[in-house]
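Undergrad: Sharing a structure here in structure tokens format.
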Amino acid sequence: MLDQLYRQLVVEHSKNRRNHKKLEGERIKQQHYKNPTCGDVMTLYLKLSEEKVIEVISFIGEGCSISMASASMMTELLKGISLKEASHLRQAMEKMIRSGEISTEVDLGDALALEGVHKLRARHNCALMAWQALDRALGDEPEYNK
Ligand code: ZN
């Protein structure tokens, strides 16, 4: 039952992707990412405020439903939060996908629907692609690496 609900949420996000658009303008960070295991591709767009809060976040991409749903869910989670919080969410997400462990410290929201991907080893990179792109995009931000 729960599995069914989760699956629906993944399908829904992959069909109606949130924040699926290109961002242009000044101070936009842009990160292209390709998942070699499945052929998923995406470009992540981020705009940080002076206080290093994620002001705007979006992506464009093509790929399997897991990768696109995960990217859509991620943009919803990260909008309006600090880089430090973003880093904590990324760690919680990676842990859930790699080991099946769900964090009690942060709330992954809709992305919790991807928990079952843990059992599908070949799809780990699909679920984590957007988060890897985030990691690359923010890698030079001291606040993110704290
Ligand atoms: Zn994929």
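Undergrad: Which of the numbered conditions does Lys34 fail, given that it passes all the others? Conditions: (1) away from the ligand (no atom under 16 Å from the Cβ); (2) at pLDDT 95 or above; (3) surrounded by fewer than 17 Cβ atoms within 10 Å (Cβ to Cβ).
TA: (1)
Undergrad: Do any residues in region 8-26 that are closer than 16 Å to Ala130 by Cβ have Cβ atoms under 6 Å from those of residues that are aromatic (Phe, Trp, Tyr), where the two are at least six apart or on different chains, and which pairs are they?
TA: Close Cβ pairs (under 6 Å, with a partner that is aromatic (Phe, Trp, Tyr)) amount to Leu23/Tyr45.
Undergrad: Need the failing condition index for Thr104 against (1) without any contact (Cβ under 8 Å) to a residue 12 or more places away in the chain; (2) within 16 Å of the ligand (Cβ to nearest atom), just the number.
TA: (2)
Matching residues to (1) within 16 Å of the ligand (Cβ to nearest atom); (2) in contact with a Leu (Cβ under 9 Å, 6 or more places away or on another chain); (3) within 25 Å of Val106 (Cβ to Cβ); (4) not acidic (Asp, Glu):
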site	(1), (2), (3), (4)
Lys15	yes, no, no, yes
Arg18	no, no, yes, yes
Cys38	yes, no, no, yes
Lys47	no, yes, yes, yes
Ala69	yes, yes, yes, yes
Met93	yes, yes, yes, yes
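Undergrad: Name the residues in region 117-140 that are more than 16 Å from the ligand (Cβ to nearest atom) and either closer than 13 Å to Tyr6 by Cβ or buried (at least 17 other Cβ atoms within 10 Å of the Cβ) (or both), would you?
TA: Taking region 117-140 first, the residues more than 16 Å from the ligand (Cβ to nearest atom) are 134-140.
Matches in region 117-140: Leu134, Asp135, Ala137, Leu138.
Undergrad: Quick one: Val53 ticks every box in (1) within 16 Å of the ligand (Cβ to nearest atom); (2) touching a strand residue (DSSP E or B) at 6+ places or on another chain (Cβ under 6 Å) bar one, so which box is it?
TA: Failing condition for Val53: (1).
Each row is one residue, and each column tells you yes or no for (1) touching a residue at least 24 places away in the same chain (Cβ under 8 Å); (2) buried (at least 24 other Cβ atoms within 10 Å of the Cβ); (3) not hydroxyl-bearing (Ser, Thr, Tyr).
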| position | (1), (2), (3) |
| --- | --- |
| Met68 | yes, yes, yes |
| Glu76 | yes, no, yes |
| Ile81 | yes, no, yes |
| Glu85 | no, no, yes |
| His88 | no, no, yes |
| Arg98 | yes, no, yes |
| Glu115 | yes, no, yes |
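Undergrad: Looking at Glu94, Glu62, which is the one that is acidic (Asp, Glu), within 25 Å of His118 (Cα to Cα), modelled with pLDDT of 95 or more and buried (at least 16 other Cβ atoms within 10 Å of the Cβ)?
TA: Glu94
The values are calculated or read from the model by the stated rules, or taken from the named source; none is laboratory data. Everything quoted here is computed from the prediction, not taken from an experiment. Cβ atoms come from the backbone with ideal geometry, glycine included; neighbour counts cover every protein chain shown.
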